[in-house]
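Below is one structure, written out as structure tokens; the observations come after it.
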Amino acid sequence: MKHHLHRSLQRFRSRSRAKLLYTVAMALVATTTGVALSGAPPAGAYAGAPWFRPDRPYTGNFPDPNILVEDGRYYAYATATGGSYLPVMTSTDLATWVPRPAYDPGAPLNTDRNFNDALPRPARWSPDRPIDGRMKKEVWAPGVAKIGGRYVAFYSARERLDRDRFCISVAVSTDPLGPFEDTSSGPLVCDPDPNGSIDPQPFVDTDGTPYLLWKSEGVPGWAPTRIWVRQLDAGGTGFAPGSRVTLLLETDQEWEGHVIENPAMVRHDGRVVLFYSANEHRSADYAVGYAECVGVLGPCTKNPDNPVLASRGDRLGPGGPAPFVDASGRLMLGFHYWNAPYTNYPAFPQCQQQGTCTTQGQRRLAIEQVFRNGAGLHVGTVAPSSVGADQVVAIAATRSGSGYWIAGAAGTLVPRGDASDMGGAAGLNFPVVGMASGPAADGYWMVASDGGVFSFGHAAFNGSTGAIRLNQPIVAMAPTPSGNGYWLVASDGGIFSFGDAAFHGSTGDILLNEPVVGMAPTASGSGYWLVAADGGIFTFGDAAFEGSMGAVSLNRPVVGMTKSATGGGYRMVASDGGIFSFGDAQFHGSTGHLRLHQPIVGMASTPSGGGYWMVAGDGGLFTFGDAGFHGAG
């Protein structure tokens, strides 16, 4: 095996639009308990939420979720709702969620035989509101992690009654279900500006080091809201000696409005990703963005194509991102959303009197898988009726070079030129991520991210990984020269060969700087190249190394590759349409200088090697050299 590892120097650019008109004394004050900035009032609890009833499946209000994975079981925590300061529910399949059982919290709370609040007694330093009932305190946006052999819960609690000022407290338990005990005499983090600190989220890195992320409010229109991180001590209830507060993000993208919040970090596939919410939470403009971070302490670079999750269908204003890695190793995202057409809670107590609380506005829990392609992350599967904007994922040329197929994530297909229409895939559990042409003009394959293969026309089915538990998702496929077999490649460089496709090696046992995004076979079929998102090239069998982009700072990540006609070289394409040619593969042009509506997602070469096509996520088609234009997607 020959492999060539290079540093990832992918760079994104973001445009700063926020003007800091706040005083330096207020905007940059840091203390041992936080960093000072002020801002807009965040989301509050819903007093009229449905009862969070013990041991009964629950689908009601569950805002600002946080999800913990422990021994194959999932624990979800949320802002106070349904009579619980810290509602917690569990699931084994991420579909059915059941609130924790009732327990005896001791006097005087044990008069309620259905008591199941995981935080029976919130911070003593948080003042009681002058209202009736037990829920006199306000508790928001919890984050729970296992630190030092016990479970530590961080949450926002009201610190002042005369204005919306919140600070961060901490509680511990020996059980992820609680009860959690808060013995603090004061806040753990409390920025000294008017509105304090909210949205604490712990993150425990792979080496066991714990950190805490949170939001400082800023001043809308003046000082940007900001997201911070600081290392925790070994027990998780204080900060590590010598640690310092580090700025990770602030409002600077137009879609964010004046607010970023709900930071949540995850490490997956060798990358550190920071998700966050932005914009006005009581609107359909509320959405989720993400940034890629060099490390837990940054620096972090926002995705220029944010938001990654916005209002769609009957789910409005998604927010409160809760990323986690499931029991199968998949990156998942929990989040809340408003049930359309509402983007606010119903009036209280009128809705209870009318019996309409459960049919009016609530922020409900949803969980979807996060996929990565060369253009970045996308959330959830796509199920459109036809290929359209933001749905195209691949292109494959016919054997004659007088046509091509364009495939969509939902298995839809658009044939152009002499490409035959043999149908597409339907009823998918996982999105299509690639395709390849078969041995005849009327045959082709599609592959989904789970490795399920769909064959059409004279393209024979030779096997798939659809029934195998993969370490990482499939990202591409390539046919053998004969068309009687194919390879599938996963994002970790794992190779799966079928038919007359021979296995020549993989990077499945190598820690990659960036995930593999594409592959191309040699002319003989006795070898292949793999390409990573940073342009690093890995060679196997009779594939020769002709160069790479692994040591070059790219404007956009690589998303695919093709070989030259002779097999003596290869090209790779970036999501902005930049083309990089090596060996005898010729450069015929690119879209690197153009402003694209959607990123490039794939390319295909003509049989002569004298040209190539590129396709964008919206189906836009770009031709170069002797590649003919036969229509877009």
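Points worth noting:
- Of all the residues in the stretch 602-633, those that are more than 15 Å from Leu413 (Cα to Cα), open to solvent by less than 40 Å² (accessible area, probe 1.4 Å) and touching a strand residue (DSSP E or B) at 6+ places or on another chain (Cβ under 6 Å) number 10.
- Flag if Pro57 is at pLDDT below 90, open to solvent by 20 Å² or more (accessible area, probe 1.4 Å) and under 31 Å from the mean Cα position of the chain (by Cα): no
- Residue match in the stretch 532-548 (condition: of a type in the set (A, V, I, L, M), surrounded by fewer than 24 Cβ atoms within 10 Å (Cβ to Cβ) and within 27 Å of Ala501 (Cα to Cα)): yes
- The requirement of being open to solvent by less than 20 Å² (accessible area, probe 1.4 Å) and within 18 Å of the chain's Cα centre (by Cα) is fulfilled somewhere in the stretch 240-250, by at least one residue.
- Residue within the stretch 141-154 that is closer than 19 Å to Pro65 by Cα, open to solvent by 20 Å² or more (accessible area, probe 1.4 Å) and over 28 Å from the mean Cα position of the chain (by Cα) present: no
- Within the stretch 344-374, the residues that satisfy the criterion of being within 24 Å of Gly82 (Cβ to Cβ), modelled with pLDDT of 85 or more and surrounded by 20 or more Cβ atoms within 10 Å (Cβ to Cβ) are Gln362, Arg363, Leu365, Ile367.
- Filter result for Gly525 (closer than 24 Å to Phe545 by Cβ and not in a loop (DSSP other than H, G, I, E, B)): no
- Qualifying residue in the stretch 123-131 (condition: out of contact with any helix residue (DSSP H, G or I) (no Cβ under 8 Å at 6 or more places or on another chain) and either closer than 13 Å to Leu177 by Cα or in a strand (DSSP E or B) (or both)): no
- Under the condition of being assigned to a loop (DSSP other than H, G, I, E, B) and open to solvent by 20 Å² or more (accessible area, probe 1.4 Å), the residues counted in the stretch 411-447 number 16.
- Between Asp205, Asp191, the distinction of being surrounded by fewer than 19 Cβ atoms within 10 Å (Cβ to Cβ) and within 30 Å of Tyr337 (Cβ to Cβ) belongs to Asp205 only.
- Filter pass, Gly535 being closer than 23 Å to Gly434 by Cα, touching a His at 6+ places or on another chain (Cβ under 6 Å) and of a type outside the set (A, V, I, L, M): no
- Enumeration of residues in the stretch 448-474 that are part of a loop (DSSP other than H, G, I, E, B), open to solvent by less than 50 Å² (accessible area, probe 1.4 Å), in contact (Cβ under 8 Å) with a residue 24 or more places away in the chain and farther than 21 Å from Asp421 by Cα: Ser449, Asp450, Gly451, Gly463, Ser464, Thr465, Leu470, Gln472, Pro473
- Unique match (being modelled with pLDDT under 90 and of a type in the set (D, E, K, R)) among Asp509, Asp500: Asp509
- Considering the stretch 251-298, and only residues there that are assigned to a helix (DSSP H, G or I) and farther than 17 Å from Val379 by Cβ, the residue that is least open to solvent (accessible area, probe 1.4 Å) turns out to be Glu256.
- Whichever residue in the stretch 384-409 is closer than 23 Å to Asn303 by Cβ and surrounded by fewer than 22 Cβ atoms within 10 Å (Cβ to Cβ) and, among such residues, is modelled with the lowest pLDDT: Pro384
- Residues of the stretch 415-466 that are at pLDDT below 85 and of a type in the set (D, E, K, R): Asp442 alone.
- Pairs where the first residue, in the stretch 89-118, is open to solvent by 70 Å² or more (accessible area, probe 1.4 Å) and the second is not in a loop (DSSP other than H, G, I, E, B), C-beta under 8 Å, 6+ apart: Thr92/Arg73; Thr92/Tyr74; Asp104/Asn110
- Of all residues in the stretch 570-585, one or more are hydroxyl-bearing (Ser, Thr, Tyr), touching a strand residue (DSSP E or B) at 6+ places or on another chain (Cβ under 8 Å) and modelled with pLDDT of 95 or more.
- Residues in the stretch 158-188 that are open to solvent by less than 50 Å² (accessible area, probe 1.4 Å) and among the basic types (Lys, Arg) were compared, and the one that is farthest from Gly148 (Cα to Cα) is Arg165.
- Phe540 meets the conditions (1) under 34 Å from the mean Cα position of the chain (by Cα); (2) assigned to a loop (DSSP other than H, G, I, E, B) in every case but one. The failed one is (2).
The values are calculated or read from the model by the stated rules, or taken from the named source; none is laboratory data. On a predicted model such as this, the values are computed, not experimentally measured, just so you know. Positions of Cβ are generated from backbone atoms using ideal geometry, with glycine treated the same way; all protein chains shown enter the neighbour counts. Just the protein is used for accessible areas: all its heavy atoms, side chains included, with ligands, DNA and RNA removed. Shrake-Rupley method; radii C 1.70, N 1.55, O 1.52, S 1.80 Å.
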